[in-house]
Amino acid sequence: MTTELLYSVAINNFNESFSVIQNFGLGMVVSCILGYFISIIYKYKNSYSKSFVITLALLPMIVQTVITLVNGNLGTGVAVMGAFSLIRFRSAPGGAKEITAIFMAMAVGLAVGTGYYLLAFVFVLLIGTANIIYEKLDIGKSKENEKLLKITIPEDLDYETLFDDILCEYLNSWELIQVKTTDMGSLFKLSYQVCFKENMDSKAFIDELRCRNGNLEIALSRSLIKDNEL
């Protein structure tokens, strides 16, 4: 009887282990497929590096493994959350799209790890579709005539009203967003967020500014939004 009992227990343990491995393997396959699709969604109309795309594709598999190991253990779950928090604060700030993609990959890994495979597929499909629609609609895109203007002037010039007449002639609106000293305080660097009037000649605009600032450095570039970091 003892031998039969041990044999029965061994068979049950083997079946349970095989079932766990089978479910884990299926989850890894699903996570791998969905991670690949997440990386494709992230690359759509977005600059990217190969290392980040690969990391994004692997992240659902990692999270799914962690969730499988936690398996309802509250203490282990809290410890894992603390580890993820340390990784987040020890890393460099990421852009809004990068953080969104990471949360998306983690959500998929969580869904797969808890057995909600269909929900994970639907989630990726909906988020991917919404991302494409928003990109097509150009929501939040800056206007083509919005630029970043940087002007260097000597310290003895009054920058408050120095360029007002030129700015009024060529621009619809402008905002002085930064004043910075350079060259041991002998120069000021002014940064403006500007919006050009239609069909204005930017070269003529810069030429007039050069005559006013003593032919010092002037830079006109595409407007950059700094609030894209989380």
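No value in this document is a laboratory result; all are computed from the given coordinates. Just so we're clear, the structure is a prediction, and the values are computed from it rather than from any experiment. We place every Cβ from the backbone using ideal geometry, glycine too, and count neighbours over all the protein chains shown.
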ask   = What ranking do 168, 195 get, fewest neighbouring Cβ atoms within 10 angstrom at the top?
value = 168, 195
request  = Report, in whole Å, the centroid distance computed from the Cα atoms of region 93-129 and region 168-192.
outcome  = 43 Å
inquiry  = Within a 10 angstrom radius of the beta carbon, how do 194, 112, 63 rank from fewest other beta carbons to most?
reply    = 194, 63, 112
query = Stretch residue 172-residue 29 to full length: gain in nm at 0.36 nm per residue minus the Cα-Cα span?
reply = 46.0 nm
query = Karplus couplings for region 174-183 from phi (6.51 cos²θ - 1.76 cosθ + 1.60, θ = phi - 60°), rounded to Hz, Gly and Pro as x?
reply = 7, 9, 7, 9, 7, 10, 9, 8, 8, 6
note = Expected sort for 133, 102 with the fewest Cβ neighbours (10 Å cutoff) up front is 133, 102
remark   = The set of residues whose placed amide H lies less than 5 Å from the amide H of residue 172, leaving out same-chain residues fewer than 5 positions away, is 195, 196, 197
request  = Multiply the residue gap between residue 69 and residue 201 by 0.36 nm, knock off their C-alpha separation, and tell me the result in nm, one decimal place.
outcome  = 41.2 nm
Karplus-derived HN-Hα couplings along region 32-42 (A = 6.51, B = -1.76, C = 1.60, θ = phi - 60°), whole Hz, x at Gly and Pro = 5, 5, 5, x, 4, 5, 4, 5, 5, 4, 5
ask   = Given 45/197; 150/189; 45/150; 147/189; 45/147, which pairs have Cα atoms separated by over 18 Å?
value = 45/197; 45/150; 45/147
